[in-house]
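Data block below; observations after.
The values are calculated or read from the model by the stated rules, or taken from the named source; none is laboratory data. The structure presented is a predicted model; accordingly, all values stated were derived computationally and were not measured. FYI the Cβ positions are ideal-geometry reconstructions off the backbone, even for glycines, and counts take in every protein chain you see. Surface areas here come from the heavy atoms of the whole protein model, side chains and all, with no ligands, DNA or RNA. Shrake-Rupley method; radii C 1.70, N 1.55, O 1.52, S 1.80 Å.
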Amino acid sequence: PALSDIVIAGHSGGGQVVQRYAVVTRGEAAVALRGIAVRYVIANPSSYVYFDALRPTASGEFKTFDAAVCRQFNDWKYGLVDLPAYVREGRGPLASAELEAAYVKRDVVVLLGGDECDPMHPALDRSCAARAQGEHRLGRGRAYARYMAMGHPAGLNHRTVEIANVGHDAHGIFT
């Protein structure tokens, strides 16, 4: 009865799970009615869910990605094409817009290791769909923060925090 906050956090692959969950969840409404706040803490994921076909370029701007380079760049877990049944169920033809509108309002904190720059890290997703988001975790995280801010200049309830001198280290990120 004294519960006031729920924090769902994950690092690396766990951070990816938390980010995807924060995009598709429907479970917040019941706890919000009881006055319980939910926060999602996403730390050093390999990739993110994008809401359209825009991806960062080497110059830092965003352009529609060329599907001929990587056919699955926008498939679910990198984008919203071919969503799994559990996500589609009960959602209409505007599921992408609904998911994005809900995600923007959620309390999301992204933690990025300032030294998380190894494009060959053994736990880094190096698929073509992930590489379309950037070269390494830090670059992908910075780009995703710009992408979300660009698409939602007002009303975005997300923060990105870069932790200096930390690489792919959950203990360093969370402490």
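Observations on the model:
- Segment 64-96: number of residues that are under 16 Å from the mean Cα position of the chain (by Cα), among the hydrophobic types (A, V, I, L, M, F, W, C) and open to solvent by 50 Å² or more (accessible area, probe 1.4 Å): 2
- K105 meets each of the listed conditions (1) out of contact with any Lys or Arg (no Cβ under 9 Å at 6 or more places or on another chain); (2) crowded, with 16+ Cβ neighbours inside 10 Å; (3) not aromatic (F, W, Y) apart from (2).
- Checking each residue in segment 23-56 for being open to solvent by 40 Å² or more (accessible area, probe 1.4 Å) and within 19 Å of E89 (Cα to Cα) picks out R26, G27, E28, A29, A30.
- Close pairs (7 angstrom Cβ cut-off, 6 or more residues apart or separate chains): free of Cβ contacts under 8 Å to residues at least 60 places away in the same chain in segment 127-139, crowded, with 19+ Cβ neighbours inside 10 Å anywhere: C128/F73; H136/E116; H136/L124; L138/L112; L138/G113; L138/E116
- Identification of helices (runs of 4 or more DSSP H) wholly contained in segment 1-107 with 1 or more residues that are among the hydroxyl-bearing types (S, T, Y) yields 13-24, 85-88, 95-105.
- Test: residue in segment 73-82 that is more than 29 Å from D5 (Cβ to Cβ), modelled with pLDDT of 95 or more and out of contact with any helix residue (DSSP H, G or I) (no Cβ under 9 Å at 6 or more places or on another chain): no
- Residues of segment 140-175 satisfying the condition of being more than 26 Å from C70 (Cβ to Cβ), surrounded by fewer than 16 Cβ atoms within 10 Å (Cβ to Cβ) and in contact (Cβ under 8 Å) with a residue 60 or more places away in the chain: F174
- Segment 54-72 residues that are at pLDDT 95 or above, paired with ones that are hydroxyl-bearing (S, T, Y) and loosely packed, with under 11 Cβ neighbours inside 10 Å (beta carbon under 7 Å, 6 or more apart): L54/T64
- Only one of the numbered conditions (1) touching a Leu at 6+ places or on another chain (Cβ under 6 Å); (2) open to solvent by 50 Å² or more (accessible area, probe 1.4 Å) is not met by M120, and that is (1).
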